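Enquirer: Structure incoming, see below.
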Amino acid sequence: MKKIVILLFCNLFFAFSFSQELRKPSEGKSMVYFTRISSAGFLINFKYFDGDKYLGKFNHGKFLAYECEPGKHLFWAKSENTDFLEAELEAGKTYIIDSEPQMGAFKAGVKLVPFDNDQNNYKNIKKYERKKSNILEAISGKKEYSISDDDLAEAKKDQEDLVKRSMEKYNKQKADGDVYTVLSINNSYISTP
């Protein structure tokens with residue numbers, strides 16, 4: 001019984017303290033947080049995209065808060081590999097996508113994993129609590145990645161060929177029947193009233 005009370009107290013503490021750290025999207029917008037909680041391959045930058053839009057790159061210990069239009073999005077990240085995530089976003093909701101490093105031949109690969117805020121979808125509550133705590137701790141660490149408009153415009157030119165090749169790869173694989181991870185409307189972390 002004592003463990004249950006402690007667990008409930010911790011849940012309430014984390015929910016209250018960390019939910020204050022997450023920015024709510026503007027009216028009619030969605031917010032997507034890209035995190036990287038694992039320190040494996042910590043020096044390797046992962047590049048992040050929304051379809052053909054370059055969002056930036058960062059390594060372990062940082063996060064990116066991206067406000068965007070609701071609706072369908074194709075998020076993807078590039079490292080040694082390219083990983084795609086299809087998303088359906090709803091206005092007023094906040095979503096979290098963790099970038100998990102994967103073993104690569106020369107440098108770390110990347111896998112985009114949407115945070116599922118439903119503890120029933122985890123093997124046990126401890127795994128859910130640990131994942132949630134690590135993600136929210138990374139966001140509250142105030143190490144937000146940001147890029148200036150000038151740097152973003154310059155980087156966009158540098159990324160044009162990569163975007164073209166990656167979008168062609170996605171379209172070909174999709175046509176061949178490949179299935180990608182999906183971030184659905186129900187995967188939101190926070191909904192604004």
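The values are calculated or read from the model by the stated rules, or taken from the named source; none is laboratory data. Not measured: the values here are computed from a predicted model. Backbone-built Cβ (ideal geometry, glycine too); neighbour counts: all protein chains shown. These area figures cover heavy atoms from the full protein model, side chains too; ligands, DNA and RNA do not enter into them. Shrake-Rupley method; radii C 1.70, N 1.55, O 1.52, S 1.80 Å.
Enquirer: When the residues of the stretch 179-193 are filtered to those that are of a type outside the set (S, T, N, Q) and under 21 Å from F46 (Cβ atoms), which remaining residue is surrounded by the fewest Cβ atoms within 10 Å (Cβ to Cβ)?
Expert: V182
Enquirer: When the residues of the stretch 100-134 are filtered to those that are in a loop (DSSP other than H, G, I, E, B) and of a type in the set (G, A, S), which remaining residue is farthest from the chain's Cα centre (by Cα)?
Expert: Per the stated criteria, the residue is A105.
Enquirer: Same structure, new question: Just one of F9, F13, F42, F18 is aromatic (F, W, Y), part of a loop (DSSP other than H, G, I, E, B) and at pLDDT below 90; which is it?
Expert: Answer to the check: F42.
Enquirer: While we're looking at this one, here's another question. Quick one: which residue in K156, K111, K174, K169 is touching a strand residue (DSSP E or B) at 6+ places or on another chain (Cβ under 8 Å), modelled with pLDDT of 85 or more, open to solvent by 80 Å² or more (accessible area, probe 1.4 Å) and within 18 Å of D50 (Cα to Cα)?
Expert: Going through K156, K111, K174, K169 in turn, the sole match is K169.
Enquirer: How about the stretch 80-101: which of its residues are open to solvent by 10 Å² or more (accessible area, probe 1.4 Å) and within 17 Å of K169 (Cβ to Cβ)?
Expert: Scanning the stretch 80-101 gives E80, N81, T82, D83, E86.
Enquirer: Still on this structure, I have one more. With respect to L162, determine if the residue is under 23 Å from L64 (Cα atoms) and part of a helix (DSSP H, G or I). Walk me through how you get there before you give the answer.
Expert: Working: under 23 Å from L64 (Cα atoms): yes; part of a helix (DSSP H, G or I): yes.
Here the answer is yes, as L162 does meet what is asked.
Enquirer: Given the criteria at pLDDT 90 or above, in contact with an Asp or Glu (Cβ under 8 Å, 6 or more places away or on another chain) and of a type outside the set (S, T, N, Q), does Y180 qualify?
Expert: The answer is yes for Y180.
Enquirer: Any idea which residue in the stretch 120-149 is surrounded by the most Cβ atoms within 10 Å (Cβ to Cβ), counting only those that are closer than 27 Å to K29 by Cβ and in contact with a Lys or Arg (Cβ under 9 Å, 6 or more places away or on another chain)?
Expert: Ranking the candidates gives A138 first.
Enquirer: Let me ask another. So, of the residues in the stretch 49-79 that are more than 11 Å from the chain's Cα centre (by Cα) and aliphatic (A, V, I, L, M), which turns out to be surrounded by the fewest Cβ atoms within 10 Å (Cβ to Cβ)?
Expert: The selected residue is L74.
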